[in-house]
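Structure first, commentary second.
The values are calculated or read from the model by the stated rules, or taken from the named source; none is laboratory data. This is a predicted model, so every value here is computed, not measured. All Cβ positions, even for glycine, are placed from backbone atoms using ideal geometry, and neighbour counts span all protein chains on display. These accessible areas exclude ligands, DNA and RNA; they are computed on the full protein's heavy atoms, side chains included. Shrake-Rupley method; radii C 1.70, N 1.55, O 1.52, S 1.80 Å.
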Amino acid sequence: MTGRVGVWLVGARGSVATSAVCGAAALRAGLAAPVGCVSELPDIARARLPSYAELVFGGHDVTGCPLDKRAEQLVEGGVLPRSVVTGVRADLRAAEAEIRPGYDGTDGASQRAVAAALAADLRDFAARHALARLVVVNVAATERRLDPHPATGSLDALESALDGAAAVLPPSALYAYAAFSAGFPFVDFTPSAAVGSPALAQLAAARRLPWAGNDGKTGETLIKSALAPVFADRALRVRSWAGTNLLGGGDGANLADPAAAAAKLASKSRVLSSVLGEQVVEPLHIDYVPDLGDWKTAWDHVSFEGFLGVRMSLQFTWQGCDSALAAPLVLDLARLVARAHEIGEVGPVGAFGFFFKDPAGTAEQRLAAQYEALRGWAARAGTLPEDPP
Ligand SMILES: NC(=O)c1ccc[n+]([C@@H]2O[C@H](COP(=O)([O-])OP(=O)(O)OC[C@H]3O[C@@H](n4cnc5c(N)ncnc54)[C@H](O)[C@@H]3O)[C@@H](O)[C@H]2O)c1
């Protein structure tokens, strides 16, 4: 890949974003090994991806807490090593200088004017850093689940609705609209609405842009998508699959709101019916436990049936550090989507479904099959020229 690549983080001062900026700088400086970085596996790196040294960070946020202070909080919480944060302080300051005020739906201006201002921030960043590509990645707090507004059904309807006084798009979708309008690809790492309407997908297609989503797969759903095929392929009958999730941190606090949790639970519950081919009793809970900080615990209980109806069970407990799991994937996706853009991919890149709970562009939910699709994509991308014909 040629040239520098901008990574524009929506939610740039959150835990995942701060960890991604620190992690990229640490990798560039040789302060850390690329553990957890899928794009560094030889099968995937062959796609001719931009290096970590070629990534330049900026973003939008609605909070004022600067990145170095956020990084300090993550050090206190045991998420980031102090030595890494000390070693990358200049990189944190450089990224902080590129963070612009975001939009949370409370602006009095028309959404057309807000989108134009967001798009201008992106274009300005790309021009000042002479970027060859720019990828916008949504890592902002999960929004409350909304029914799609009728005006978002088609691009024409959306375009005329944006001029009105009423807000027709939730902030995540307005960020996607701004990215596509400015000619940049978009990744939705959250379960928010973002590109979830036909109008936004039409806009991406019209601008010949790739996009990827939705909702990064880093814990319980990752393990589910690896384990569920075991039952399907051994012809065992899953009777129920119950999951309890305990979350701290900003994400946990946000998901204490039932309407935000509804969006997350919806994206978490797509795997089983798809892999097992039938509806399974699947109670799922998310509880906020502030004491856990950035750590999450998922406990799953699977009740299943074997030959002649014999009942058995599987249980697993996953204890993960949310941002340490998510940040390398954000970097993977930025590198992969930049390359997808360079080779002329358009629309949702199904081969990137490996990274998501609710993958766009593919119905495949089995983890091993998703990895094969990603591997195949990387092999093909590795043979293509820098500029598509
Ligand atoms: N950590 C994981 O393993 C994981 C996995 C999948 C998805 N996610 C998603 O990633 C997102 C970020 O997680 P986090 O732990 O960093 O959360 P966080 O609460 O630490 O950070 C969220 C950031 O988004 C900002 N924000 C809120 N509304 C915004 C808006 N309208 N515009 C711009 N910025 C806005 C907040 O100010 C905050 O800085 C969440 O939506 C979460 O569900 C995380």
Can you tell me which residues in the stretch 150-202 are charged (D, E, K, R), touching a residue at least 24 places away in the same chain (Cβ under 8 Å) and surrounded by fewer than 22 Cβ atoms within 10 Å (Cβ to Cβ)? D163
So, in the stretch 239-262, exactly how many residues are more than 21 Å from C321 (Cα to Cα) and open to solvent by 10 Å² or more (accessible area, probe 1.4 Å)? 7
Restricting to the stretch 287-303, name every residue that is touching a helix residue (DSSP H, G or I) at 6+ places or on another chain (Cβ under 6 Å) and modelled with pLDDT of 90 or more. Y288, K296, A298
Qualifying positions in the stretch 105-146 - within 10 Å of the ligand (Cβ to nearest atom) and either part of a helix (DSSP H, G or I) or open to solvent by 50 Å² or more (accessible area, probe 1.4 Å) (or both): T106, L118, A141
Is there a residue being at pLDDT 95 or above, within 17 Å of the chain's Cα centre (by Cα), closer than 19 Å to V10 by Cα and small (G, A, S) anywhere in the stretch 188-198? no
Among the candidates Q319, Q315, residue that is of a type in the set (S, T, N, Q), open to solvent by 20 Å² or more (accessible area, probe 1.4 Å) and within 16 Å of the ligand (Cβ to nearest atom): Q319
Criterion violated by G3 - all others in (1) away from the ligand (no atom under 16 Å from the Cβ); (2) among the small types (G, A, S); (3) modelled with pLDDT of 95 or more satisfied: (3)
So, G102, is that one within 16 Å of the ligand (Cβ to nearest atom) and open to solvent by 20 Å² or more (accessible area, probe 1.4 Å) or not? yes
Mind listing whichever residues of the stretch 186-245 are away from the ligand (no atom under 16 Å from the Cβ), β-branched (V, I, T) and assigned to a helix (DSSP H, G or I)? V230
Could you go through the stretch 87-97 and let me know if any residue there is within 14 Å of the ligand (Cβ to nearest atom) and either modelled with pLDDT of 95 or more or more than 21 Å from R335 (Cα to Cα) (or both). yes
Flag if G23 is surrounded by 19 or more Cβ atoms within 10 Å (Cβ to Cβ) and within 11 Å of the ligand (Cβ to nearest atom): no
Taking the stretch 3-51, which residues are in a loop (DSSP other than H, G, I, E, B) and in contact with a His (Cβ under 9 Å, 6 or more places away or on another chain)? R4, G11, A12
